[in-house]
1. Go through (1) buried (at least 21 other Cβ atoms within 10 Å of the Cβ); (2) β-branched (Val, Ile, Thr); (3) more than 24 Å from GLY188 (Cβ to Cβ) one by one and return the number of the condition ILE89 breaks.
2. Of all residues in segment 130-156 being hydrophobic (A, V, I, L, M, F, W, C) and surrounded by fewer than 17 Cβ atoms within 10 Å (Cβ to Cβ), which is nearest to LEU70 (Cα to Cα)?
3. Quick check, is GLY170 surrounded by fewer than 11 Cβ atoms within 10 Å (Cβ to Cβ) and small (Gly, Ala, Ser)?
4. Please state which one of ILE195, ILE87 is of a type in the set (Val, Ile, Thr) and in contact (Cβ under 8 Å) with a residue 60 or more places away in the chain.
5. Considering LEU61, LEU70, LEU92, which residue is under 19 Å from GLU138 (Cα atoms) and touching a helix residue (DSSP H, G or I) at 6+ places or on another chain (Cβ under 7 Å)?
6. Yes or no: ALA54 free of Cβ contacts under 8 Å to residues at least 24 places away in the same chain and under 24 Å from VAL185 (Cβ atoms)?
7. Residues of segment 1-14 being within 20 Å of ARG65 (Cα to Cα), aliphatic (A, V, I, L, M) and assigned to a helix (DSSP H, G or I), which ones?
Amino acid sequence: MARCAAELLAWNRRVNLTAITDPAEVAIKHFVDAVVPAPWLPAAGRVLDVGCGAGFPGIPLKVVRPDVHLTLIDAVRKKISFVSHLIRILGLTHAVARHVRLADLRRQAPRPVFDTVVCRALGPLSAWLENAAALLAEGGSVLAWKGPAAQGELDALRRPGDPPDQVRLGDGRAAVEVKTYHLPVIGGRRCLVRITPMA
């Protein structure tokens, strides 16, 4: 992880990859926060990181869970160039970075292929959840990092009378679990939302 952080800060001087440049903040917000859902990833699972930016949360998850097969996507080419560089210098196997938007990947995918889709700082759930869920294999889940607005975003996916542990997803429903935690040292309440489409 130290090499990854050093590369991030070095590249960030030339290419705008992240607004977080304080080493302590980088360690906590980019690395510690990224690995929170590692226990939720299935063994040797196929993971998609949507809007990966500079490789977070995907790269730290891959470092602590080398068994997973990771695909990282972003619409910004310079960020994908950096992520491809990280994959190469860290010697990560079964990891690939692609310059593609989520909606385009959904159109290109011949069938649902991922066990887990992870998304951090991608905007409100209502803007992208349906496209992400369409890429899930049966039994798969979407994991979304959220702040204090998490409950409001989930409520926007419900109608009056809907169960609090479910949201509407296209013509169906999805089960919802929310894990609340605080980041060490800098504080800050975070929510990790797991959304699993129901058969």
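1. Exception for ILE89: condition (1).
2. Looking at the filtered set, the residue picked out is ALA137.
3. Answer is no for this residue.
4. After ruling out the rest, the residue left standing is ILE195.
5. Exactly one of LEU61, LEU70, LEU92 is under 19 Å from GLU138 (Cα atoms) and touching a helix residue (DSSP H, G or I) at 6+ places or on another chain (Cβ under 7 Å), namely LEU70.
6. Answer is no for this residue.
7. ALA2, ALA5
Condition check ((1) assigned to a helix (DSSP H, G or I); (2) crowded, with 19+ Cβ neighbours inside 10 Å; (3) among the aliphatic types (A, V, I, L, M)) across all residues:
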residue: ASN16; (1), (2), (3): no, no, no
residue: ALA34; (1), (2), (3): yes, yes, yes
residue: PRO39; (1), (2), (3): yes, no, no
residue: CYS52; (1), (2), (3): no, yes, no
residue: LYS62; (1), (2), (3): yes, yes, no
residue: PRO66; (1), (2), (3): no, no, no
residue: LEU70; (1), (2), (3): no, yes, yes
residue: ILE80; (1), (2), (3): yes, yes, yes
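The values are calculated or read from the model by the stated rules, or taken from the named source; none is laboratory data. Everything numeric in this text was worked out from a predicted model, so none of it was measured. Positions of Cβ are generated from backbone atoms using ideal geometry, with glycine treated the same way; all protein chains shown enter the neighbour counts.
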